[in-house]
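> What follows is a structure written as structure tokens; I'll ask about it next.
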Amino acid sequence: MNLGKVGIIFNGGGFTGAFSVGYIKALWERGIRPQHVQGISVGALNAAKILEYESAKELEKIWFEIEKAKASTVFNWKDIPQNVWKKSPSLFSSKGLWDIIQKLDMEKIINSPVELQIVTCNETKGEKEVFSTRDQRFIKNPGLFKQIILASASIPGVLPRVKIGEDYYSDGIYFSLEPMIQTGCDTIFLFLNDQYMEENQRWDERLFNMKNFLYEEVVSFKIHEVLREHPDFKLENSTLEEARFVPPILKKIEKIRQRIRSVASAIVNGDDINFVPHRLIILNTRTPISTLHATAFEVGDIKAAIEQGYDQASVLLKKLGID
């Protein structure tokens, strides 16, 4: 399969972002390299790290280091009583997250031939804002981009918002397809890290249920909207029958896939080997890891998530003829 110009979107999800490490590992082993990368929330960190090291194995090592250091290095539950008492705007301090971001070699990332887009929410203006390493502000001052990454990973109410210039920024929540399409990408891989739990959910997971529902509605709407505006893009994802538990977002995406018909597929039947159809390829989790959450995990969860992500990506790529 001729993928043409490739873009990769790393979506968020806190520690469930470990699934994306498995996805990128599978792509990297098959020689798939992006020309453009987008990151949101923890995906901003994943995207930055993959450009810094240009190695999926190095990214995997960093996640194992996080697992060894324990979840409390980023989300320290001892912060909560004090922050609640002081009526702070967030439950946790961003110190642990900032310590990780500070280690990034921003000059290397900014100077990479691969463009990095970071999606944030401008809370002051009440709108999404996408920053790019191609922006002259960051070329002149690479260190400023660390603030952008911190903002994108700062979940509203969970971590403090970040002031950049005169505005306050926080987690971008969900990806932005249009900026990636505008780069001219022929194939866009979208990494989702959603899990679906039927029972025994933790209190904080149940607390975020409504947020997850709204997130899924927005994501499915945005995908459908973009594909309607760009009918030359074909939506690809593996069949649902293999999944023991199917995340609701994947069910919504499957319905979109059934409704959308690629204009490219209608015009070209495969005779022209030089033709590159436009594809949106979605990867998502299959089997929930019950102790892996956005803000917590147990020993072994990170390794299990990476392995599952890798296996899931490998199966889908094989089905698509990318082996």
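> If you scan region 124-165, which residues turn out to be at pLDDT 95 or above and among the acidic types (Asp, Glu)?
Within region 124-165, Glu129, Asp135 qualify.
> So in region 143-169, with the set limited to residues that are in contact with a helix residue (DSSP H, G or I) (Cβ under 7 Å, 6 or more places away or on another chain) and part of a helix (DSSP H, G or I), which one is surrounded by the most Cβ atoms within 10 Å (Cβ to Cβ)?
For region 143-169, the residue satisfying everything is Ser152.
> Here is a check on your reading of the model: is Trp98 touching a Leu at 6+ places or on another chain (Cβ under 7 Å) and either open to solvent by 30 Å² or more (accessible area, probe 1.4 Å) or farther than 20 Å from Val37 by Cβ (or both)? Reasoning before the result, please.
Details: touching a Leu at 6+ places or on another chain (Cβ under 7 Å): yes; either open to solvent by 30 Å² or more (accessible area, probe 1.4 Å) or farther than 20 Å from Val37 by Cβ (or both): yes.
Yes; evaluated as a whole, the condition is true for this residue.
> Let me ask something else. List the pairs whose first member sits in region 125-147 and is within 17 Å of Ile173 (Cα to Cα) and in contact (Cβ under 8 Å) with a residue 24 or more places away in the chain, whose second member is assigned to a loop (DSSP other than H, G, I, E, B) and small (Gly, Ala, Ser), and whose Cβ atoms are under 7 Å apart, counting only residues at least 6 apart or on separate chains?
Between residues of region 125-147 that are within 17 Å of Ile173 (Cα to Cα) and in contact (Cβ under 8 Å) with a residue 24 or more places away in the chain and residues that are assigned to a loop (DSSP other than H, G, I, E, B) and small (Gly, Ala, Ser), the close pairs are Lys128/Gly172; Lys128/Ser176; Val130/Ser176.
> Looking only at region 170-195, count every residue that is over 18 Å from Leu235 (Cβ atoms), of a type in the set (A, V, I, L, M) and buried (at least 23 other Cβ atoms within 10 Å of the Cβ) and tell me the total.
Of the residues in that region, 0 qualify.
> Give Lys49, Lys57 a once-over and let me know the one that is open to solvent by 10 Å² or more (accessible area, probe 1.4 Å), at pLDDT below 95, closer than 28 Å to Glu298 by Cα and among the charged types (D, E, K, R). Explain how you work it out, then say what you get.
Values: Lys49 fails: at pLDDT below 95.
Of Lys49, Lys57, the one residue that is open to solvent by 10 Å² or more (accessible area, probe 1.4 Å), at pLDDT below 95, closer than 28 Å to Glu298 by Cα and among the charged types (D, E, K, R) is Lys57.
> Hey, another quick one. I need every pair where a residue in region 21-32 that is closer than 7 Å to Ala56 by Cβ has its Cβ under 6 Å from the Cβ of a residue that is open to solvent by 50 Å² or more (accessible area, probe 1.4 Å), sequence separation at least 6 or different chains.
Lys25/Tyr310
> Restricting the first residue to region 302-321 and requiring it to be among the small types (Gly, Ala, Ser), which pairs with a second residue that is in a helix (DSSP H, G or I) and open to solvent by 60 Å² or more (accessible area, probe 1.4 Å) meet a Cβ separation below 9 Å and a spacing of at least six or different chains?
Final answer for the pair search is Ser314/Glu29.
> Inspect region 11-19 for any residue being touching a Leu at 6+ places or on another chain (Cβ under 7 Å), within 23 Å of Ile289 (Cβ to Cβ), among the small types (Gly, Ala, Ser) and at pLDDT 95 or above and give the result as yes or no.
Within region 11-19, not a single residue is touching a Leu at 6+ places or on another chain (Cβ under 7 Å), within 23 Å of Ile289 (Cβ to Cβ), among the small types (Gly, Ala, Ser) and at pLDDT 95 or above.
> In addition: Being more than 26 Å from Met180 (Cα to Cα) and under 21 Å from the mean Cα position of the chain (by Cα) is the filter here, so list the residues in region 74-125 that pass it. Give the derivation first.
Initially, region 74-125 is screened for residues more than 26 Å from Met180 (Cα to Cα), giving 74-100, 102-103.
Listed by number, the residues that qualify are Val74, Phe75, Ser94, Gly96, Leu97, Trp98, Asp99, Ile100, Gln102, Lys103.
The values are calculated or read from the model by the stated rules, or taken from the named source; none is laboratory data. Predicted model only: the values in this text are computed from it and were never measured. Note: ideal-geometry Cβ built from the backbone for every residue, glycine included; neighbour counts use all protein chains shown. Ligands, DNA and RNA are stripped out before the accessible areas are found, and what is left, the full protein with its side chains, is counted by its heavy atoms. Shrake-Rupley method; radii C 1.70, N 1.55, O 1.52, S 1.80 Å.
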